[in-house]
């Protein structure tokens with residue numbers, strides 16, 4: 001596993017990388033890649049719908065020729081300072097600094113912060129000065145939906161992060177009330193459905209205000225959401241961010257670190273041999289007997305790590321020490337877990353191909369998004385059966401937060417599929 005670019009370069013090319021590569025976090029890299037890919041695919045699909053006459057531009061009035069205003073300059077100054085303070089500080093800090101702790105700490109470079117602050121605000125001032133007119137004037141422009149993709153992505157990113165943090169803390173309320181500030185500012189702890197719900201509400205409100213057909217927009221977004229989720233899960237898997245499954249007791253680690261078959265009943269013995277990890281798990285689940293596990297033996301013609309994985313060098317630094325490893329990220333899991341992020345990468349990539357291939361064939365607005373809701377809900381509901389999450393007591397059942405939401409998504413998708421069957425292609429608003 002590669003918690004950041006530093007470890008990837010070091011292990012792959014057997015070199016000593018620059019210290020700043022520690023701050024290019026694997027999970028963050030793939031999340032950024034997911035947003036870039038989303039922007040490209042969404043633009044392609046919106047342009048296609050515009051050519052078909054399904055989406056129309058909106059006329060807006062803008063004012064041109066104005067000099068730079070203080071709010072703009074202040075925002076650019078503050079943004080430049082934050083970026084410079086952290087990025088240049090990343091170059092100057094030693095390799096013994098934990099990247100996640102550094103990013104969310106007060107450490108940084110004052111010189112870098114002030115330099116980029118002056119640069120960013122100066123560029124904004126110069127840009128406005130070149131465009132200034134003796135007398136500012138109002139102009140009317142036509143803005144197409146695909147030209148708003150940048151705004152949509154930014155709104156989705158901000159709202160998604162906030163929603164993910166809010167839902168994670170609601171799901172882990174006991175942990176949250178012990179230290180609310182630390183949990184809100186922690187880089188770990190994100191709930192996908194929380195991000196999806198708040199981002200969806202924010203984007204739909206923005207689209208409604210801008211006169212974008214909501215049904216055609218969500219249809220365009222459906223395959224994009226699926227592949228973006230798959231790409232994000234690559235980051236989860238590669239970094240070992242803790243989003244793995246329950247323990248699979250059919251396998252164990254050999255002395256040399258290879259994954260081999262384990263006899264039934266070996267689980268507790270392995271825990272006894274790794275007291276530190278056992279105490280951690282007992283603290284999480286209350287007792288050894290409550291630690292979720294199952295015995296599942298995969299087909300022999302497939303690699304063992306497909307059914308049980310140790311997540312070496314995981315970014316959460318959870319598990320048992322790796323022999324011969326020193327410094328940060330020297331832990332691995334033993335016993336082994338189901339690599340659930342890998343399963344979601346495979347399934348969601350295939351579901352993306354299905355949605356992408358159907359986008360031109362399904363003619364009734366809203367139905368492609370209905371399929372996305374059904375596919376997403378079923379996929380997540382199934383994967384929850386082998387994932388570790390907080391459960392709730394509800395009418396004698398004990399579902400997780402994700403199971404509850406995924407069930408509502410499936411039901412909502414079924415309702416949307418049949419409810420919107422007679423919507424005309426050119427419907428402009430819901």
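The figures follow:
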{"read-out": "Cα-based helix-to-principal-axis angle, 149-171 vs the chain, degrees rounded to 10", "value": "40"}
{"read-out": "Residue-averaged [θ]222 nm for the chain, counting only DSSP H segments that reach four residues, each worth -39500 (n - 2.57)", "value": "-18000 deg cm²/dmol"}
{"read-out": "Most mobile listed residue (233, 139, 380) in the chain, GNM with C-alpha springs under 10 Å", "value": "139"}
{"read-out": "Residue with peak Gaussian network fluctuation, the chain [Cα springs, cutoff 10 Å], from 289, 256, 219", "value": "256"}
{"read-out": "Overall dimensions of the stretch 241-332 as given by Cα atoms, namely Rg and Dmax in Å", "value": "13.2, 37"}
{"read-out": "nm² value of the averaged projected area, convex hull over the Cα atoms of the stretch 12-90", "value": "9.9"}
{"read-out": "Principal semi-axes in Å for the chain [√(5λ), Cα gyration tensor, largest first]", "value": "41, 31, 19"}
{"read-out": "Candidates 71, 303, 399, ranked by Gaussian network fluctuation over the chain, Cα under 10 Å, top entry", "value": "71"}
{"read-out": "Taking the chain and dividing mean pair separation by its residue count, relative contact order in percent (alpha carbons under 8 Å, at least six apart)", "value": "17"}
{"read-out": "Burial ordering of 406, 239, fewest other beta-carbon atoms within 10 Å first", "value": "406, 239"}
{"read-out": "Residues 367, 48 arranged by fewest to most Cβ contacts within 10 Å", "value": "48, 367"}
{"read-out": "Mean-position separation - Cα centroids, the stretch 6-68 and the stretch 225-299, in angstrom", "value": "33"}
{"read-out": "Square roots of five times the Cα gyration tensor eigenvalues for the stretch 238-288, Å", "value": "18, 16, 11"}
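Every read-out reported here was derived from the displayed coordinates using simple, explicitly stated rules and does not represent laboratory data. Nothing here was measured: the structure is a model prediction, and the numbers come from that model. Cβ coordinates were reconstructed from backbone atoms using ideal geometry, including for glycine residues, and neighbour counts include every protein chain displayed.
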